[in-house]
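Here is the structure we will look at.
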Amino acid sequence: MTAEAVPPNVYFPNASNFEIHNSQFSVNVQNIHQSSIKHKLEAELKPINGAHLNPDKTCLKGTRVGIIADILAWIHNPDNKVPKAFFLCGEAGTGKSTISHTIGQNAKVKKCLGAFFCFNRTFSAERTPGRALQTIAYDLGISFPEFGKALVEILDGDPRISASMSLKEQWNKLIMVPAKYITLSRPVVIIIDAFDECGPKEEGGPRDMLLSLLIDSVCELPINFRVLVTSRMEGDVHAAVHDAQSLQVQYMSNLQQTQEDIYKYVAHRMMTRKGAPGVLSESQCQTLAEKAQGFFQWAYTACEALHGRGKAGLTVRKRFERFMSLSPSHGQDLLPLDKLYKSILEDLFDCNDSEAMSQYKMVMVQILAAFEPLSSLSLQKIQLSRYEYLGEDYDDEELDAVIQFLGSLLTGVAEKDTPIRPVHTSVRDFLVDEMRSGEYAVKLEEGHYILAVGTLQLMITDLHFNMCDLESSYLLNSQVENLSERIIQNISLDLSYACQFWGSHIIYIQNKRSYTILAPLLWKFLTEVLLFWMEVLSILGKVDVISETARALLEFNNPKEAWETDMQNILKEMQQFIHVFGRMIGDATPHLYLSAVPFIPRESVILQPFIAQMDKSLIICRGQRYSWPSQQAVLTGHTAGVNSVAFSPDGKRIVSGSDDWTVCIWDTETGMMIGGPLEGHTESVNSVVFSPDGKRIMSGSVDKTVCIWNAETGMMIGEPLQGHRNHVSSVAFSPDGKRIVSGSENTVHISNTEIGMIIGEPLQGHKKSVNSAAFSPDGKRIVSGSSDQTVYIWNAETGMTIGEPLQGHTHSVYSVAFSPEGKRIVSGSSDRTVRIWNAETGVMIGEPLQGHADHIVSVAFSPGGKRIVSGSEDHTVCIWNAETGMIIGEPLQGHTSWLNSVAFSPDGKRIVSGSEDQTVRIWNVETGTIITKPLQGHTNYVRSVAFSPDGKKVVSGSDDQTMCIWNAETGMIIGEPLLGHTDYVSSVAFSSDGKRIVSGSDDRTVYIWNAETGMIIGEPLQGHTSLVNSVAFSPDGKRIASGSEDQTVRIWNAATGMIIGEPLQGHTDGINSVAFSLDGKRIVSGSNDQTVCIWNAETGMIIGEPLHGHTELVNSVAFSPDGMRILSGSHDQTIRIWNAETGMIIGDPLEWHTHYVRSVAFSPDGTRIISGSSDQTVCIWNADTRMIIGVPLQGHTSWVTSVAFSLDGKRIVSGSHDHTVRIWNAETDICVEEPQQGHTTQLGSAYL
């Protein structure tokens, strides 16, 4: 990576020859003149290696003579009427592939082999139909210069074609068109082996499309082209070839002399020659051939086993006699093969030899658990890394000691650098099924654990900065000359495997002990080589693996309750990183360091471990964000306004429809377009949606049609649905995916997706155009919104309207949607309001939601139904609380023209929007509220925070044994930290005049401090016999209450420091929180014994009975300002409100938090409640309705341990185990101050 004016070693210690080419950090896209057509085609088409012709896999001379002659005669037949496609079909193990490789070798010798591609189920993720067509095109381009030149011109004119989701488009442009430029008279042979292993059988799927092309489109190739296809006779293949007239078919079961050919093969392998010992006689070979019953696979496996090593004392002839009791059976199960496989293993490994069996299982389980076949070299390197991490000695012969005996069951065992895989899929099926293989069965989880540890340690050891020595940031990855050679030279196959699959191995581990060993290794990986891992995946074109790995690990139900908080935060930020920068670093690896890392928010946990290594890197002097932006990505590709957007059900894709007449599908994680635009409409696309199963996409257009597309291939399914007399403005699937509803002009149509026909008559009632329509969650109702200012609800079965139209809007209704539970409807209108309706009664709920400054064109409920999103022509997106109708945070801004469509992701964490500015944007719902940095300085957990009465100062107490006083306006620390306690400071509070501070500590003491000077006043207050968890001043400042782990509450004279009366006793476990009532006459306490107690502050007597209701320990308590209510927060994740007079619970518990509620407080006016939780959030609640206000305040990266309101109720302060204090605007939910610096350990309870 080379660029101007920047010295070497800029980014990392081992960086060199690195320069920056422009100060804007943008990629200067230049045309690269490839040194040859081969390099151009290789860069654009990325052909699959290893799927080509294998000269060693040909038929034994003198066997299969008849079928080989027939196929060669077909290839060289000059008759124009000869079919151009030949299908060779038969059962597994009958020798189809060997014949195909024989024909391929013959064609290669005669210089007429154009391409050879072998599908393989082991490589199914890589060897897809689309990659097959690209590899075939590449091979043809290399074999025939005219074809290659024409293909380069096509790729130059349409560079996106290789990424097209349409196999038909790839077939036409990559093969059909350039094929016309071949002027040779000799045949051009294309061979596709093992078609049945090219993917799952799905109607309209890639396999289905490729089969259709081979059946129907091969005939359109030039006259000298021949396409040979081998396949098992599976249902779709049988149905396709049975009725086809344009191809030639040969069934293996109809071949003559098969048994004779098998005999020749067996005799060649096993007959005695020149006195060689231990082989078979002619009659024995004949017997073995008969037992094979036409299955070459059985004969091959038996011969390999007989030639291999067996137990001592068991000769080849003895093993032969055992095999003779085993033979295959047509049309039955795999039991005969199972018997053969087990007999082979019994010959090799004594099941009573525990050491041998242990070694066999360790090796075999790694081979079978690998997601791609690994060579013995790669397996050894991964194993060596594992032993290195465990601190154990590794015997590099232990792998060879096993695999050298398994040549009959595994291929690749003879060569160190050849991937090892089962000779047949039945071998794997046999070994992982304990019912079939018994003591020789292997448990894949053990293999995943071994490979997880080995791959992680391998990456930690081998990854470093600039892995492929890229010299310039000028170039896109696709423009780097010889990048493939650089990858081969610098990124070993084992390291490449590790980078792609380590996360996949981890999620298969359920054993707690394995996880315990693995966790520290994973932490080391995340904090030491994470960026280098991303670099490698960028070079390999696998950026999507980053976010997919993070997502899988976050969702992984591991043996512990959850990942450690810090580890979770890194995984979440990995997703954020790719959401924002994925598209860029996928195009140009150097910009991972140039244009991504420098702009990571300053708070980022990804950035922190690498700061020391980046002391000479770019520094953002002004404007660097402190948290991730709400806008995650801008998706560009449409050439006109985007009218509609939607997430797929799994949240991994987005579909968009545009005025450019196309539908586009996007990768949600990277922002990259998947394939090319879907073309078929002849006018603007108004509405798009995924089917409930995510396999189809529906689009409605101004061309009056509705189209349904295969979401995987991009191909249109059937013909466009017609019937509308005007443009289609809205489309939606029913929940079961069997019906669709579409709105147009003043009618609504319901259609059957299976037959493509309209069901019944149009739903009529609206007087003007229908702009939006949607099904209810149960599919029984339909809601529609119209330019006639009304909303209608319809019976989806009868087509009749339900009740009267919903009236209230004063202009056109552009968008409608049901809530997830089906009880509410939301509508957006050009009258600039959002309205919520009761779906049963049709009555409006609450007041209209107002905030937009222009027409509202799109609305949607969040998956949980608690929020509503709206998009407007004022260029903004707004999020609303669906219960209170209040806007949450600030409008999301970024679009430069009006909005046309908005939608929530299935998990409710993201929003997608489409705009007339031709872009699709993805927003993070959760991070859009914090706009400035937290107050940092403590070096351990922050346990307690409090505002001064005038709101100008904040005090915090921490596990670093200090207290800090901060300027609440500037965030600057005032003076030095307050030192005196000898253990964690658990609780702090200001006196009512703001002149004193009281603190409680794990050192069992209470201190009083001068808030101006920071000096201790008097001696420590001593008397508690265990940790002091909570302290509070009385409202008049004359008394102090303290609660302790010794199960008592003590009241102290604040002036003399003397204890007043006896300790307050009644709790049966430690006390976590105490508070005075506003009149100072009562004290409330919360305890580990799950109760709340109210005390007479004068007499020290308990008032009434303890308050029971919580099911876990009580962490925090508070009085309401009027003294009528008590608030408590608990480990049971709930907040409860109590009548302070009667002790009765008021209403239901407040529930939202997903972890312990650690701190609660009333606002000064008593109308709001604030809570802080171990789920890292702060929540604000309406004290009367007990509903949450807005969305939780997010920004802390660990437990929130303390919260408090300022005296004017306009701000909130929170303290956390992340060592920071944050100040929030209580009215806008925004963090308004920087982290307050000074403490060196954690902060714990809150007091106003």
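What length, rounded to one decimal in nm, is gained on full extension from E392 through to A519, with 0.36 nm per residue of separation minus their alpha-carbon distance?
Contour length minus the Cα-Cα distance gives 43.9 nm.
At a 10 angstrom cut-off on C-beta neighbours, averaged per residue, how do the peptides 197-210, 737-750, 412-425 rank from highest to lowest?
737-750, 197-210, 412-425
Starting with the highest mean, order 1109-1116, 719-726, 691-698 by the number of other Cβ atoms within 10 Å, averaged over the residues of each peptide.
Packing proxy ranking, top to bottom: 1109-1116, 691-698, 719-726.
How much length is gained if the chain between M1124 and K780 is pulled fully straight, taking 0.36 nm per residue apart and subtracting their Cα-Cα distance, in nm to one decimal? Kindly include the intermediate steps, with their values, before the conclusion.
On the way: separation 344, 0.36 × 344 = 123.84 nm, distance 4.77 nm.
Length difference between fully extended and current span is 119.1 nm.
For the stretch 675-826, calculate the relative contact order in percent as a whole number, restricting contacts to Cα pairs under 8 Å that are 6 or more residues apart.
14 percent
At 222 nm, what value in deg cm²/dmol follows for the chain if DSSP H runs of at least 4 each add -39500 (n - 2.57) and the sum is divided by all its residues, to the nearest 500?
Working: 25 runs with 293 residues, N = 1248.
Estimated from H runs of four or more residues: -7000 deg cm²/dmol.
Taking 7 Å along the Cα-to-C-beta vector as the label spot, tell me the N172-E355 distance in nanometres, rounded to one decimal.
Each label point is offset 7 Å from its Cα along the Cβ direction, giving 6.8 nm.
Quick one: if you stick a label point 7 Å off each Cα along the C-beta vector at H268 and A853, how many nm between them?
8.2 nm
Work out, in µm²/s and without decimals, the Stokes-Einstein translational diffusion coefficient of the chain at 25 °C, 0.890 mPa s, Rh from Kirkwood over C-alpha pairs.
D, rounded to a whole number, is 70 µm²/s.
How far, in degrees from 0 to 90, does helix 145-157 lean away from the longest principal axis of the Cα atoms of the chain, to the nearest 10?
20 degrees
Between K46 and H238, with labels modelled 7 Å along Cα→Cβ, what's the label distance in nm to one decimal, could you check?
3.7 nm
Straight-line reach only, C-alpha to C-alpha below 23 angstrom: list the lysines that K381 could link to, leaving out same-chain residues fewer than 8 apart.
Within reach: K361, K416, K443, K524, K542.
Roughly how far apart, in whole Å, are the Cα centres of the stretch 454-488 and the stretch 1103-1173?
What the calculation gives is 56 Å, centre to centre.
Given the peptides 946-953, 1182-1189, arrange them by the average over their residues of other C-beta atoms within 10 Å, most packed first.
Working: 946-953: 19.2, 1182-1189: 16.4.
Peptide ranking by packing, descending: 946-953, 1182-1189.
Looking at the chain, send over the antiparallel percent of its DSSP beta bridges, to the nearest 5.
90 percent
What's the FRET efficiency of T1154 with E202 using the Cβ-Cβ distance as r and R₀ = 22 Å, to the nearest 0.05?
Working: r = 38 Å, r/R0 = 1.70.
Given R0 = 22 Å and the Cβ-Cβ separation, E is 0.05.
Largest first and to the nearest Å, give the Cα extent of the stretch 634-924 along each principal axis.
Here the Cα extents, ordered largest to smallest, are 45, 44, 28 Å.
Using 0.36 nm times the number of residues separating A640 and M1015, minus their current alpha carbon distance, what extension gain do you get? Intermediate values should be presented prior to the final figure.
Values: separation 375, 0.36 × 375 = 135.00 nm, distance 6.78 nm.
Contour length minus the Cα-Cα distance gives 128.2 nm.
Regarding the stretch 37-256, what are the three Cα extents along the principal axes, ordered largest first, in Å?
Answer, in whole Å and largest first: 51, 38, 34 Å.
Over the chain, what relative contact order in percent results from Cα pairs under 8 Å that are six or more residues apart?
6 percent
Beyond 26 Å between alpha-carbons counts as too far, so tell me which of K866/K952; K111/K173; K110/K180; K953/K1038 fall in that bin. If you can, show how the numbers build up before the last one.
Details: K866/K952 35 Å; K111/K173 24 Å; K110/K180 21 Å; K953/K1038 21 Å.
Going by Cα-Cα distance, K866/K952 fall outside the 26 Å limit.
What are the residues whose amide H is under 5 Å from the amide H of S1030, where those residues sit 5 or more places off or on another chain and H is modelled from the backbone?
Distant-sequence amide H within range of S1030: G1043.
Taking the Cα centre of the stretch 43-162 as origin, work out the dipole magnitude from +1 charges on Lys and Arg Cβ and -1 charges on Asp and Glu Cβ, in debye rounded to 20.
On the way: 15 positive and 11 negative charges, 79 e Å.
Result for the stretch 43-162 is approximately 380 debye, rounded to the nearest 20.
Counting C-alpha atoms alone, how compact is the stretch 860-911: give Rg to one decimal and Dmax as a whole number, in angstrom.
When restricted to the Cα atoms of the stretch 860-911, Rg and Dmax are 10.7, 30 Å.
Enumerate the amide H contacts of L721 below 5 Å, restricted to partners 5 or more residues apart or on another chain; note that Pro and chain-start residues carry no placed amide H.
V706, C707, I708
Please give the Cα centre distance for the stretch 1176-1222 versus the stretch 197-242, rounded to the nearest Å.
After rounding, the separation between the Cα centres reads 61 Å.
Place a +1 charge on the Cβ of each Lys and Arg in the stretch 37-256 and a -1 charge on the Cβ of each Asp and Glu, then give the dipole magnitude about the Cα centre in debye, rounded to the nearest 20.
Dipole about the Cα centre, nearest 20: 760 debye.
A short reminder: the numbers here are calculations on the coordinates, not readings from a lab. Please read all numbers here as calculations on a predicted model, not as lab measurements. Heads up, the Cβs are rebuilt from the backbone with ideal geometry, glycines too, and the neighbour counts pull from every protein chain shown.
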